[in-house]
Amino acid sequence: MHREEVVALRPVVRGFTLGVGIYYILITFAHLFYEEGAALWVLDGLAATTMAASFFFFHVTRNTQRIDRLEYACLVLFSLMYLNVVAYQIFHVEPAKLVYFVLLVLVFATAGITPRVIIPCALVCMVTMYGLAYKYGILSQYIWIGLAGIATAMGMSVLMRQAILRAVHARVQADTLRDEAQALANCDALTGLPNRRSFFEAMDLALKRKRQDGKRFDLALIDLDGFKPVNDVYGHSVGDALLVAVAGRLRNLCAGLGFPARLGGDEFAIILTAMIDENELKAFGDRLCDVLREPYMLSGVAANISASVGFVRSRQGSGFTISQYLERADYALYYAKQNLRGAAVVFSQKHETELRDFGLIDQTLRSSDLEQELFILFQPQYDIVENRTISFEALARWNSPKLGLVRPDAFIKAAERSGLISQITLILLRKALAVVQDWPEHIRISFNLSTRDLRSSTAIADICEIVRDSGLDPRRIEFEITETAMLSDFDQACEALNRLKSMGCRIALDDFGSGYSSFSYIHRLPVNKIKIDRSFVVQLVKHPTAQKIIKTIIDLCKNLHLDCVIEGVETETELAKLKQVGARYIQGFLFSKPLTADGVDEYLERETGTRHSHATEATDPLMTRSVAS
């Protein structure tokens, strides 16, 4: 019998045992007044035994979920009640009270929970009643009473059991529907992983355990790199199959270690409850990235993606709330996507400092008069073959009345995360193009675009409008983009760049060689120029290999008819090495520090008059390197 049926029948049995117990308390006392001799001892003893057995079974069936225990309780009490009635007839021959056997059958039919208890007990009662009636010579009077009693008892038993079973079935069905609804509420319908709601419940439980028992945990936020192109190219069915496959890999990897969940889209999270140290956590992060990087075979389609992961450890903040843990894990994830795409980053004290700075910068940015406070410095790009400047790169600067001069990398990151970057782009672009109006016509302006600019068709439309309104020849305007910005959504970025290039603007790929460079996709980009990152220049003097790599890139650019600018050149030794490998276009402190608009005019006047011998050493404390505006 189902557990639910046992639970439903248990109150019937316990109610019966309690009623019998109370009844036989009264009978026990009654016998003391109306019986004597052997009848007193026998009848009172049977009544007291029945009473004690009733309360005993009332107690032991309190939480039972076994049907045999309920049947045993009924059988014992039925037997004792039967013996009470038989004993009474032995000591007091009262034919009129043979009807008690019919009443017993009705009680058995009502309180009995299974036919294998009710039927034997009812048959014993009716056989005994008929036997005694025959002995007393009144059998004809009790035949129909017995048959009526049996029919009534069986009808009552069937109706009661049907009512109970219908109630049980309805409750089971309701519980099943409730459990299914609860499962749907707590599980992601596509992947079967716990959903966002379950994740927050698990985080709340992990925090309570940490506060009460000191049990630490680690939180990981995961974002898939390259999922959108798969979804766009092959369709949502393949994209959904990819998410299901990712969920399966996470489930297998986290078995016994933690709680994986899907937060939405291509974002996942893991709460690691196993006690692991810093090195083990990093090893787990590497293994996680490796597992998710393995190729996926989906309905004949081979998909290749990677995953960036941000970890935060519970020991890094004893009093943090869920939102504060998420903020830090998200910051580590953001750092991974910007600097170590496809890898795992553990939130550190350095990140904590940056995050506090970011919060202050973010709030100050939102309340600032950016039109007044933002300004631009310009750094020349120099042609060492023709000994002349060919372009200036516009460098974003922010002088806040509250914070003073803010590092470009700090406020640019804050603006990108807060969504203010597109507004800042438009402000700086208008200011930069206004300055270019006074420059010689052969000199171009190089202006950086952010990842958000490339992702937004509205932002690109606004940029195109500013270019048209400036009245400048678009061929004098060069937009720089980073490889990170391209890889975040390659197709969307290419579409945005093609819109700019169709106007006549030039495109430059910035920071080439900073970590994700791939010659395989350069031919797919609508670029006119590649800028080699300073990280190669630093290695020029120390490692001959760096010189060979730079030469290879320069030769590649020549073959593809692309300009190649070397960034961050600071010494004569570096310049000499670059001349040996055929470098032509140079940018760096060796030629000039970042200049104000007035400084550019003076610089160009000197160059026109003297063809420029190297300028003084850079002194701008904020000019660490080229920064996207």
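Of all the strands (runs of 3 or more DSSP E) wholly in the stretch 403-491, which have at least 3 residues that are at pLDDT 90 or above?
The qualifying strands (runs of 3 or more DSSP E) are 444-448, 477-482.
Taking E393 as meeting all but one of (1) more than 21 Å from E478 (Cβ to Cβ); (2) assigned to a strand (DSSP E or B), write down the number of the exception.
Failing condition for E393: (1).
What's the total number of residues in the stretch 293-312 that are touching a helix residue (DSSP H, G or I) at 6+ places or on another chain (Cβ under 7 Å) and modelled with pLDDT of 85 or more?
Count: 9.
Within the group S450, S446, which residue is within 34 Å of the chain's Cα centre (by Cα) and surrounded by 13 or more Cβ atoms within 10 Å (Cβ to Cβ)?
When all the criteria are applied, what remains is S450.
Just wondering, is there one or more residues in the stretch 382-400 that are free of Cβ contacts under 8 Å to residues at least 24 places away in the same chain and surrounded by fewer than 22 Cβ atoms within 10 Å (Cβ to Cβ)?
Checked against the condition, which is being free of Cβ contacts under 8 Å to residues at least 24 places away in the same chain and surrounded by fewer than 22 Cβ atoms within 10 Å (Cβ to Cβ), the stretch 382-400 yields at least one hit.
Would the stretch 354-368 turn up any residue that is surrounded by fewer than 21 Cβ atoms within 10 Å (Cβ to Cβ) and either more than 38 Å from the chain's Cα centre (by Cα) or in contact (Cβ under 8 Å) with a residue 60 or more places away in the chain (or both)?
No; the residues of the stretch 354-368 include none that is surrounded by fewer than 21 Cβ atoms within 10 Å (Cβ to Cβ) and either more than 38 Å from the chain's Cα centre (by Cα) or in contact (Cβ under 8 Å) with a residue 60 or more places away in the chain (or both).
Given the structure, is T64 surrounded by fewer than 19 Cβ atoms within 10 Å (Cβ to Cβ) and free of Cβ contacts under 8 Å to residues at least 40 places away in the same chain?
no
Among the residues of the stretch 503-510, are any in a helix (DSSP H, G or I) and either buried (at least 19 other Cβ atoms within 10 Å of the Cβ) or of a type in the set (F, W, Y) (or both)?
No, every residue in the stretch 503-510 fails to be in a helix (DSSP H, G or I) and either buried (at least 19 other Cβ atoms within 10 Å of the Cβ) or of a type in the set (F, W, Y) (or both).
Within 28 Å of L428 (Cβ to Cβ), of a type in the set (D, E) and in a helix (DSSP H, G or I) - does that describe any residue in the stretch 583-601?
yes
Given the options V312, V291, name the one that is crowded, with 18+ Cβ neighbours inside 10 Å and over 18 Å from P229 (Cβ atoms).
Exactly one residue qualifies, and that residue is V312.
Looking at K558, K542, K551, which one is closer than 24 Å to I443 by Cα and either part of a loop (DSSP other than H, G, I, E, B) or at pLDDT 85 or above (or both)?
Of the residues listed, the single one that is closer than 24 Å to I443 by Cα and either part of a loop (DSSP other than H, G, I, E, B) or at pLDDT 85 or above (or both) is K558.
Would you pick out the residues in the stretch 225-239 that are of a type in the set (S, T, N, Q), surrounded by fewer than 17 Cβ atoms within 10 Å (Cβ to Cβ) and either without any contact (Cβ under 8 Å) to a residue 60 or more places away in the chain or assigned to a loop (DSSP other than H, G, I, E, B) (or both)?
Listed by number, the list is empty, since nothing qualifies.
Could you grab me the full set of residues in the stretch 328-342 that are surrounded by 17 or more Cβ atoms within 10 Å (Cβ to Cβ) and either out of contact with any Ser or Thr (no Cβ under 7 Å at 6 or more places or on another chain) or modelled with pLDDT of 85 or more (or both)?
Within the stretch 328-342, R328, A329, D330, Y331, A332, L333, Y334, Y335, A336 qualify.
Quick one: which helices (runs of 4 or more DSSP H) lie wholly within the stretch 20-136 and hold at least 2 residues that are under 22 Å from S157 (Cα atoms) and aromatic (F, W, Y)?
Here the list reads 37-60, 67-91, 99-111.
Could you identify the single residue in D362, D290 that is among the acidic types (D, E), modelled with pLDDT of 90 or more and not in a loop (DSSP other than H, G, I, E, B)?
D290
Report yes if some residue within the stretch 245-255 is in contact with a strand residue (DSSP E or B) (Cβ under 8 Å, 6 or more places away or on another chain), in the same structural domain as Y296 (by TED's automatic domain parsing) and not in a helix (DSSP H, G or I); otherwise report no.
Taking every residue of the stretch 245-255 in turn, at least one turns out to be in contact with a strand residue (DSSP E or B) (Cβ under 8 Å, 6 or more places away or on another chain), in the same structural domain as Y296 (by TED's automatic domain parsing) and not in a helix (DSSP H, G or I).
Test of understanding: among I27, I22, which residue is surrounded by 16 or more Cβ atoms within 10 Å (Cβ to Cβ), within 27 Å of R62 (Cβ to Cβ) and of a type in the set (V, I, T)?
The conditions single out I27.
The values are calculated or read from the model by the stated rules, or taken from the named source; none is laboratory data. Here the structure is a predicted model, which means the values were calculated and not measured. Cβ atoms come from the backbone with ideal geometry, glycine included; neighbour counts cover every protein chain shown.
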